[in-house]
């Protein structure tokens with residue numbers, strides 16, 4: 001059974017600081033996704049990582065994937081308050097290939113950025 | 001295209017009642033997924049359809065839960081004889097098979113069972 005673990009689960013940081021969220025998963029997969037969720041809202045897709053070594057950047061967020069280590073990171077640079085949210089990583093179960101047979105999500109990292 | 005649409009957005013019901021949620025996916029997407037999310041947790045997979053075929057059901061989906069996608073477009077999720085443990089956000093997502101696998105989520109339907 002695929003397990004996805006995120007850490008930390010809770011992070012409080014100050015504006016202007018850098019930090020990294022880690023996502024480990026238990027079985028072979030080369031498709032990993034990052035989502036953002038604001039309180040009471042649905043999930044917004046941030047990054048799609050489809051191969052080993054993939055790196056994507058959008059503004060102050062950068063995501064990478066190491067399929068050999070079964071590890072993805074979400075790096076936050078010079079954090080700003082607007083980035084406060086819960087961030088989820090999700091891994092494609094990938095049993096039949098060619099697209100997600102559904103995703104398995106981590107528990108999420110609740111990020112609070114204080115002025 | 002307005003994205004994935006779900007209704008009702010909120011449903012409060014008494015234990016033992018039946019409830020039904022509807023999901024309208026992005027029009028060209030042939031895969032549709034149902035997830036359940038409880039407070040402080042990540043979404044948990046319930047079931048998914050490719051066109052009108054239900055291809056997988058999670059062990060979380062007890063006999064009281066049934067999902068349909070009769071014409072390969074919208075889907076319904078029915079919960080019979082609701083229990084307090086069914087209280088959660090029910091999320092629908094859609095995707096295009098053999099694309100990136102990225103799921104596009106709706107706003108969710110929040111169920112409260114009293």
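Inspection of segment B:6-24 identifies at least one residue that is buried (at least 18 other Cβ atoms within 10 Å of the Cβ), within 11 Å of chain A (Cβ to nearest Cβ) and touching a strand residue (DSSP E or B) at 6+ places or on another chain (Cβ under 9 Å).
One residue stands out among those in segment B:44-71 that are part of a loop (DSSP other than H, G, I, E, B) and out of contact with any strand residue (DSSP E or B) (no Cβ under 8 Å at 6 or more places or on another chain): the one that is farthest from residue B:99 (Cα to Cα), which is B:63.
To keep it simple, each residue is scored yes or no on (1) surrounded by 12 or more Cβ atoms within 10 Å (Cβ to Cβ); (2) out of contact with any helix residue (DSSP H, G or I) (no Cβ under 7 Å at 6 or more places or on another chain); (3) closer than 27 Å to residue A:106 by Cβ.
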{"residue": "B:33", "(1), (2), (3)": "yes, yes, yes"}
{"residue": "B:40", "(1), (2), (3)": "no, yes, yes"}
{"residue": "B:57", "(1), (2), (3)": "yes, yes, yes"}
{"residue": "B:71", "(1), (2), (3)": "no, yes, no"}
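Going by the conditions given, is residue A:73 more than 13 Å from chain B (Cβ to nearest Cβ), within 14 Å of the chain's Cα centre (by Cα), surrounded by 13 or more Cβ atoms within 10 Å (Cβ to Cβ) and within 16 Å of residue A:5 (Cα to Cα)? Considered against the rule, which asks whether it is more than 13 Å from chain B (Cβ to nearest Cβ), within 14 Å of the chain's Cα centre (by Cα), surrounded by 13 or more Cβ atoms within 10 Å (Cβ to Cβ) and within 16 Å of residue A:5 (Cα to Cα), residue A:73 comes out as yes.
Table: residues versus (1) at the interface with chain A (Cβ under 8 Å from one of its Cβ atoms); (2) in contact (Cβ under 8 Å) with a residue 40 or more places away in the chain.
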{"residue": "B:43", "(1), (2)": "yes, yes"}
{"residue": "B:65", "(1), (2)": "no, no"}
{"residue": "B:69", "(1), (2)": "no, no"}
{"residue": "B:75", "(1), (2)": "no, yes"}
{"residue": "B:81", "(1), (2)": "no, yes"}
{"residue": "B:96", "(1), (2)": "yes, yes"}
{"residue": "B:102", "(1), (2)": "yes, no"}
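Each value in this text was obtained by applying a stated rule to the coordinates, not by laboratory testing. What you see is a predicted model; the values in this text were computed from it and never measured. A quick note on method: Cβ atoms are made from the backbone with ideal geometry, for glycine too, and the neighbour counts reach across all protein chains shown.
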